[in-house]
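Working notes for the structure below.
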Amino acid sequence: MSIIDLRSDTVTKPSPAMIEAMVGAEVGDDVFGEDKTTNELEESAANMFGKQAALFCPSGTMSNQIAVKVHTQPGDEIICDRTAHVYNFEGGGIAFNSGASVRLLNGDRGRFQASDILENINDPANVHYPLTRLVVVENTSNRGGGSYWNINEIKKIKEVCIKNNLKLHLDGARIFNALTETDETPYFL
């Protein structure tokens, strides 16, 4: 039996057809919007996920670090699971790039519940605590052995975030693995 290793985008290798597509891709200056392949990829991803726009990033780490930077200010706090990639495997990027601190949750194989978020939001009136600004969900959870989230729990977490003026970021490095397993579509939030 052949094992396919899907634990990370850093261990998978492109197929011959993928390499051929890369070699034959039309390229141009992305800054001026002239890279047809990137434009089509971003448009396709935005449509697939029901979003206004998408941004191509060459790595999941870059995507996560951009999200943390965009959604926080120095001194803010993010909430994520103790096993989260964004916390453990991105070279201290949360502190270095964004100057944010992290509240770690002890979830179940990388997953936590909306009630866990509610219990860990700092009181914004207390100047001794950082402002809680962002919740990060990783789907599938790498250190959780590929565990995936129940979409209803993500929706509950989203509601907690909306009610408490928090942003929600999905580290979706393996989102298509989760979608394949659950038979859900990307357009779910």
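The values are calculated or read from the model by the stated rules, or taken from the named source; none is laboratory data. In this text, all values refer to a predicted model and were calculated from it rather than measured experimentally. Counting neighbours? That spans all protein chains shown, and the Cβs are built from the backbone with ideal geometry, glycine included.
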Scope region 153-177; condition surrounded by 14 or more Cβ atoms within 10 Å (Cβ to Cβ), over 11 Å from Val137 (Cβ atoms), at pLDDT below 95 and hydrophobic (A, V, I, L, M, F, W, C); matching residues: Ala173
Given (1) over 18 Å from the mean Cα position of the chain (by Cα); (2) in a loop (DSSP other than H, G, I, E, B), where does Gly50 come up short, assuming only one miss? (1)
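Yes/no per residue for (1) among the small types (Gly, Ala, Ser); (2) under 13 Å from Val68 (Cα atoms):
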position	(1), (2)
Ala84	yes, no
Arg109	no, no
Ser147	yes, no
Lys167	no, yes
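Before we move on, is Gln65 outside the structural domain of Phe176 (by TED's automatic domain parsing) and of a type outside the set (A, V, I, L, M, F, W, C)? Break it down stepwise before answering.
Values: outside the structural domain of Phe176 (by TED's automatic domain parsing): no; of a type outside the set (A, V, I, L, M, F, W, C): yes.
Criteria not met by Gln65.
Take region 178-189 and flag every residue that is crowded, with 18+ Cβ neighbours inside 10 Å and touching a residue at least 24 places away in the same chain (Cβ under 8 Å). Quick ask: steps written out before the conclusion?
Residues of region 178-189 that are crowded, with 18+ Cβ neighbours inside 10 Å, as a first pass: 178-179.
Hit for region 178-189 is Ala178, nothing else.
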Pair list, Cβ under 9 Å, 6 or more apart: region 99-112 residue within 14 Å of His85 (Cβ to Cβ), other residue of a type in the set (Ser, Thr, Tyr) and part of a loop (DSSP other than H, G, I, E, B): Leu104/Thr83; Gly107/Thr83; Arg109/Thr83; Gly110/Thr83; Gly110/Thr140; Arg111/Tyr148
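Across region 6-27, which residue is surrounded by the most Cβ atoms within 10 Å (Cβ to Cβ) among those that are among the charged types (D, E, K, R) and closer than 18 Å to Ser59 by Cα?
Step one: of region 6-27, the residues among the charged types (D, E, K, R) are 7, 9, 13, 20, 26.
Next, from what is left, pick out any that are closer than 18 Å to Ser59 by Cα: 7, 9, 13.
Values: Arg7: 14, Asp9: 12, Lys13: 7.
Filtering first and then ranking leaves Arg7.
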Could you list, in sequence order, the residues of region 57-74 that are surrounded by 14 or more Cβ atoms within 10 Å (Cβ to Cβ), over 21 Å from Glu184 (Cβ atoms) and touching a residue at least 12 places away in the same chain (Cβ under 8 Å)? Thr61, Asn64, Gln65, Ala67, Val68, Lys69, His71, Thr72
Residue among Asp116, Asp108, Asp30 that is of a type in the set (Asp, Glu) and surrounded by 15 or more Cβ atoms within 10 Å (Cβ to Cβ): Asp116
Return yes or no: is Thr37 more than 18 Å from the chain's Cα centre (by Cα) and hydroxyl-bearing (Ser, Thr, Tyr)? yes
Can you name every one of the strands (runs of 3 or more DSSP E) wholly within region 88-189 that holds 3 or more residues which are under 15 Å from the mean Cα position of the chain (by Cα)? 132-138, 167-171
